[in-house]
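J.: Structure in structure tokens, see below.
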Amino acid sequence: MRLGACSYDELKALTTESSQRIIMVRTRVAPSPTGDPHVGTAYMALFSYCFAKQQGGEFVLRVEDTDVARSTKASEQAIIDSLTWLGLTWDEGPDLGGPHGPYRQSERLERYQTSIDKLLEAGHAFHCFCDTEKLDAMRKAQVAAGETTRYDGSCCHLSASDVNERLAQKVPFVVRMKVPESGVCTVHDRLRGAIEIEYAQIDMQVLQKADGFPTYHMAVVVDDHLMGITHIIRGEEWINSAPKHQLLFEYLGWPMPELIHLPLLRNPDKSKLSKRKNPTSIQFYRDMGFMPEALINYLGLLGWSLPSGEEKFSLAEMVESFDVDRMSLGAPVFDVEKLKWLNGRWLRENLDDGALADRLQDWALNRERLLAVIPLIKERIEVFSDLAPITSFFLEGMPRLDADSFEKLKTEPAETIKVLQYSLWHLERAGDWKSPVLQAGLRQLAENMGLKIRDFLAPLFIAVSGQPVAPPLFDSMVVLGPDMTRARIRHALNALGGVSKKQTKKLDSEYRQLEVKG
């Protein structure tokens, strides 16, 4: 609508609406649907939610699914289910819709192309025709010279005629952003103050891949602007990318949202929280029997605390008292034992006997779960009381295992570790968690290792069930689910003494050769 065509009342309404939109706090969480929903995602979502709601603002869920090869609808649904289970809700998202949709990046490609064209036209981006071999040689030379590995800008200086000629010849290309050759970029972080990074350390980032899809760095800037995001709360691993994003906002003539970089969650040994050392999937903690109130409470404690110092608080209490400027920048350690202690408080202090019975029924004693288990054990029981010893492993967390648990196997200890580690790596990549698919994949792995299937599966029976004999393995794995199954295999590896970094590197090399063989 042209302003000249507006009445006074219409113009006043537009101005008021625009003003409210500008001052309205809007935050987002933008997970990638490429795996299990991570507790780190919930951690960022929690603080983004609390900040927005404490300010009377809005919280948005956006799905960053431009990694077409790895993104799945199942993973997206798992993210939605897990955040919902934790009690986090959003005002706009792929399941709800909203005025700034669509909320999946794969459905927003035209918007990214418009911004790419604008950057190219303004001379802030350029076509890069360098192939993989040239880029690899460039990086090797830089490493040998002790330099920071980055694109050297060779295509940045191509003439317009050279570019048009190559485009006409359909030479494959990507689009890169231009970066100043010298100087310092100052990024402002609400908690950390001014952060200075030399432009010489900043790569000429690819903005659009050869397949036409945007990279994360391009899409996130476009989406945050078009969705009216005012504050970006994310992990500190993105600090080094902030100058690229700031440049893109400047190039496109858009205001930069305020940045708040939170410290990453850590394992007890202070290393970055990873599934190799700690279960990281939200679904794992749900399946273990943790209360969502306790898990969200614990995540809040890892970066913030009530002014009173009380460690147990609800999500509503956190929102009411939340002050982003009181957040801690210390390295938060995700301690499962502390989480268990907090969960015990919630269980005892907030659930009467009836409520506890309801929670137990919802958790693992519901009809749907029983119907999944009954076909696996019906032919193995004579009386109802036979049920408990046969199915107890479905209800426990981590089975009680030690090295002696695997002593009677036909495989040697080193071979047993290989079976478990290779199976774990295989299952971490399994997208379709169905019995025939799991069976086919593991049978192939056993064949590649030169093992009889019976000998190959024996360590997995013990790892998954804690028993040498149990209901059918693959069907049991389906009932337990991917998160619990993989966690139990990691637990079994730890019971056998664990796998060192040196061993992991050696096993990884051997495993890759087996994959090629298969």
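The values are calculated or read from the model by the stated rules, or taken from the named source; none is laboratory data. Here the structure is a predicted model, which means the values were calculated and not measured. Using ideal geometry, Cβ is built from the backbone for each residue, glycine included, and neighbour counts are taken over all protein chains shown. Surface areas here come from the heavy atoms of the whole protein model, side chains and all, with no ligands, DNA or RNA. Shrake-Rupley method; radii C 1.70, N 1.55, O 1.52, S 1.80 Å.
J.: Could you sort Asp36, Asp483 by accessible area so the largest value comes first, with the probe set to 1.4 Å?
T.: Numbers: Asp36 65, Asp483 10 Å².
Result of the area sort, largest leading: Asp36, Asp483.
J.: For Ala388 paired with Asp455, estimate the spin-label separation in nm (one decimal), with each label point 7 Å from Cα along the Cα-to-Cβ line.
T.: 3.9 nm
J.: Continuing with the same structure: Could you state the per residue volume, in Å³, of the convex hull enclosing the Cα atoms of segment 342-450?
T.: Details: hull volume 21.4 nm³, N = 109.
Normalising the Cα hull of segment 342-450 by residue number yields 196 Å³.
J.: Okay, moving on. Give, in nm to one decimal, the length gained when the segment between Glu258 and Gln513 is fully stretched (0.36 nm per residue of separation minus the Cα-Cα distance). Intermediate values should be presented prior to the final figure.
T.: Values: separation 255, 0.36 × 255 = 91.80 nm, distance 4.70 nm.
Between Glu258 and Gln513, full extension yields 87.1 nm more.
J.: May I ask which of Lys410/Lys501; Lys378/Lys452; Lys338/Lys410; Lys378/Lys434 have a Cα-Cα span longer than 32 Å here? Present the calculation step by step, with values, prior to reporting the outcome.
T.: On the way: Lys410/Lys501 26 Å; Lys378/Lys452 28 Å; Lys338/Lys410 39 Å; Lys378/Lys434 20 Å.
As for pairs spanning more than 32 Å Cα to Cα, those are Lys338/Lys410.
J.: Suppose R0 equals 35 Å. What FRET efficiency, 1/(1 + (r/R0)^6) with r the Cβ-Cβ distance, do Glu412 and Lys434 give to the nearest 0.05? Walk me through the numbers on the way to the answer.
T.: On the way: r = 32 Å, r/R0 = 0.91.
That gives a FRET efficiency of 0.65.
J.: Still on this structure: So, with +1 on the Cβ of K and R and -1 on the Cβ of D and E, and no other charges, what is the size of the charge dipole of the chain about its Cα centre, to the nearest 20 debye? If you can, show how the numbers build up before the last one.
T.: Details: 62 positive and 71 negative charges, 266 e Å.
Computed charge dipole of the chain: roughly 1280 debye.
J.: So, with a 1.4 angstrom probe, what is the percent of accessible area on segment 70-191 that is carbon and sulfur? Before the final figure, lay out each step's value.
T.: Working: 3440 of 6810 Å².
Summing carbon and sulfur atoms, their accessible area is 51 percent of the total for segment 70-191.
J.: Next question. Cross-link partners among aspartates and glutamates for Lys73, C-alpha distance below 15 Å, same-chain residues fewer than 8 apart left out?
T.: Cα-Cα hits under 15 Å: Asp36, Glu64, Asp65, Asp81, Asp95, Glu107, Asp432.
J.: For labels at Ser308 and Ala69 in the simple 7 Å Cα→Cβ model, what's the distance in nm?
T.: Those two pseudo-labels are separated by 5.3 nm.
J.: More than 20 Å apart: what percent of Cα pairs in segment 215-349 qualify?
T.: Tail fraction, whole percent: 57.
J.: Also: Considering amide H positions built from the backbone, and no H for Pro or chain starts, which residues 5 or more places from Thr215, or on another chain, come under 5 Å of its amide H?
T.: HN-HN under 5 Å from Thr215: Gln208, Lys209.
J.: Hey, what do the phi angles of segment 381-391 turn into as Karplus ³J(HN,Hα) couplings, whole Hz, using 6.51/-1.76/1.60 and θ = phi - 60°, x for Gly and Pro?
T.: 10, 10, 10, 4, 5, 6, 4, 4, x, 6, 10
J.: Still on this structure: If you plug each phi of segment 66-83 into the Karplus form 6.51 cos²θ - 1.76 cosθ + 1.60 with θ = phi - 60°, what whole-Hz ³J(HN,Hα) values come out, in order, with x for Gly and Pro?
T.: With coefficients 6.51, -1.76 and 1.60, one gets 6, 7, 4, 5, 10, 6, 9, 5, 5, 5, 4, 5, 5, 5, 4, 5, 5, 5 Hz.
J.: I would also like to ask the following. Regarding segment 65-194, what are the three Cα extents along the principal axes, ordered largest first, in Å?
T.: Result, largest extent first: 52, 42, 29 Å.
J.: Moving on to the next point. When the Karplus curve 6.51 cos²θ - 1.76 cosθ + 1.60 is applied with θ = phi - 60°, which whole-Hz ³J(HN,Hα) does each residue of segment 328-340 get, with x for Gly and Pro?
T.: 8, 9, x, 6, x, 9, 7, 9, 4, 5, 5, 4, 4
J.: Now for a separate question. Shape of segment 199-251 from its Cα gyration tensor (a ≥ b ≥ c, root eigenvalues): rounded if a/c is under 1.5, otherwise prolate when a/b > b/c, or oblate?
T.: On the way: a/c = 1.65, a/b = 1.08, b/c = 1.53.
Oblate is the answer for segment 199-251, as a/c is 1.5 or above yet b/c matches or exceeds a/b.
J.: For segment 235-250 and segment 361-412, what is the separation of their C-alpha centers, rounded to whole Å?
T.: 49 Å
J.: Taking one equal scatterer on every alpha-carbon of segment 53-136, how large is log10 of I(q)/I(0) by Debye at q = 0.15, 0.18, 0.20 1/Å?
T.: Each listed q corresponds, in turn, to -0.77, -0.92, -1.01.
J.: Test of understanding: express the Cα radius of gyration of segment 402-512 as a ratio to 2.2 N^0.38 Å, with N the residue count.
T.: Working: Rg = 12.8 Å, N = 111, 2.2 N^0.38 = 13.2 Å.
Normalised by 2.2 N^0.38 Å, the Cα Rg of segment 402-512 equals 0.97.
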